[in-house]
């Protein structure tokens, strides 16, 4: 190897070149370059082809006040692209605190909720805006500055409903009860929302007043699709205790196969709760509820002042035999036929004397 006299270049004697070694080096170089280009192209494809249409732009998200705290996360009020939203942050636990199987299960549940929710469009279903899976470079804008979100945090963004949970609304009205028109309207909203879900082959599986939200005009909207799933054609494929005790159908409590009729049963319990502004089975333990509902056909006691048109809907919906329960579109029709012009609401406790004689026409609820 000698330096050139004029150009300062490097010359190599041809008889000293190891052509086999150069071929191997060139092959390795081309292989590395091809792999890098493939990976780069793959990342580009993922950013375009595989990017879900429900994924949000984190730069547009402003998280504000805490609304609620649950087992696996928190719900905050916020702004997304200038719109009032509720932000559900799902926390899968600090690294090492959960097994890979637990994290995989929660990730699957998150993905399931999003995949179900983002396809829905109905006035009685909470509007889904977007979501994001945890990412190392995800930053959320808060009023106190920017915070980095660890990969174990995911978020779902939905419309903000200022009326809060139906459960809270009923508790506030526990003593004075609701006007009959309000009772029927709330029940109709819920029935229409469930009828829509069932038309999309979706079983909510956790219908309860805590999972219903109210907007400014008291329109009810179904929320929380964490355990919703597409209804299986074979009922034997849908088993397991999924839902909340007190609202769960006997077949679900018993571990038997079930279908969308489990939502109809839960609707019946919610309808009773809306009418009475009270809790079903307040004095029973979980195990007592399970045993009594399945073995003794226990149901909430319908007040004597409840109109027959309403009592009939409740009884049909919570029939022990799923096949005897109506479809939700039939429930909608029955509720639309209820006459609310003459009252018929639940009698407040301080007027219970009138409830005894309500069938005589001397007094009807608000």
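The values are calculated or read from the model by the stated rules, or taken from the named source; none is laboratory data. It should be emphasised that the depicted structure is a prediction, and the values quoted were computed from it without experimental measurement. Backbone-built Cβ (ideal geometry, glycine too); neighbour counts: all protein chains shown.
Based on what the data block shows, is residue 273 buried (at least 17 other Cβ atoms within 10 Å of the Cβ) and closer than 19 Å to residue 184 by Cα?
So residue 273 fits the description; yes.
Looking at 247, 265, 258, can you tell me which residue is in a helix (DSSP H, G or I), in the same structural domain as residue 336 (by TED's automatic domain parsing) and surrounded by 19 or more Cβ atoms within 10 Å (Cβ to Cβ)? Step through it out loud before you land on a result.
Working: 247 fails: in a helix (DSSP H, G or I); 258 fails: in a helix (DSSP H, G or I).
After ruling out the rest, the residue left standing is 265.
Kindly indicate whether any position in region 252-273 is more than 26 Å from the chain's Cα centre (by Cα) and under 22 Å from residue 348 (Cα atoms).
Scanning region 252-273, I find no residue that is more than 26 Å from the chain's Cα centre (by Cα) and under 22 Å from residue 348 (Cα atoms), so the answer is no.
Would you mind stating whether residue 282 is assigned by TED's automatic domain parsing to the domain that holds residue 189, within 24 Å of residue 212 (Cα to Cα), without any contact (Cβ under 8 Å) to a residue 12 or more places away in the chain and in a loop (DSSP other than H, G, I, E, B)?
yes
Matching residues to (1) at pLDDT below 95; (2) assigned to a loop (DSSP other than H, G, I, E, B); (3) crowded, with 17+ Cβ neighbours inside 10 Å; (4) over 16 Å from the mean Cα position of the chain (by Cα):
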{"residue": "147", "(1), (2), (3), (4)": "yes, no, no, yes"}
{"residue": "151", "(1), (2), (3), (4)": "yes, yes, no, yes"}
{"residue": "155", "(1), (2), (3), (4)": "yes, no, yes, no"}
{"residue": "169", "(1), (2), (3), (4)": "no, no, yes, yes"}
{"residue": "183", "(1), (2), (3), (4)": "no, no, yes, yes"}
{"residue": "186", "(1), (2), (3), (4)": "no, no, yes, yes"}
{"residue": "189", "(1), (2), (3), (4)": "no, no, yes, yes"}
{"residue": "192", "(1), (2), (3), (4)": "no, no, yes, yes"}
{"residue": "196", "(1), (2), (3), (4)": "no, no, yes, no"}
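Of all the residues that make up region 75-113, how many are farther than 21 Å from residue 55 by Cβ and either in a loop (DSSP other than H, G, I, E, B) or modelled with pLDDT under 80 (or both)? Talk me through it step by step, then tell me what you get.
Of all residues in region 75-113, those farther than 21 Å from residue 55 by Cβ come to 77, 93-102, 105.
Keeping just the survivors that are either in a loop (DSSP other than H, G, I, E, B) or modelled with pLDDT under 80 (or both) gives 93-100, 102, 105.
Final tally of qualifying residues: 10.
Would it be correct to say that residue 341 is within 26 Å of residue 192 (Cα to Cα) and in a loop (DSSP other than H, G, I, E, B)?
yes
Within region 135-145, restricting attention to residues that are over 11 Å from residue 58 (Cβ atoms) and assigned to a loop (DSSP other than H, G, I, E, B), which residue is modelled with the lowest pLDDT?
Residues of region 135-145 that are over 11 Å from residue 58 (Cβ atoms), as a first pass: 136, 142-145.
From what's left, assigned to a loop (DSSP other than H, G, I, E, B): 136, 143-144.
Values: 136: 53, 143: 67, 144: 70.
My answer is 136.
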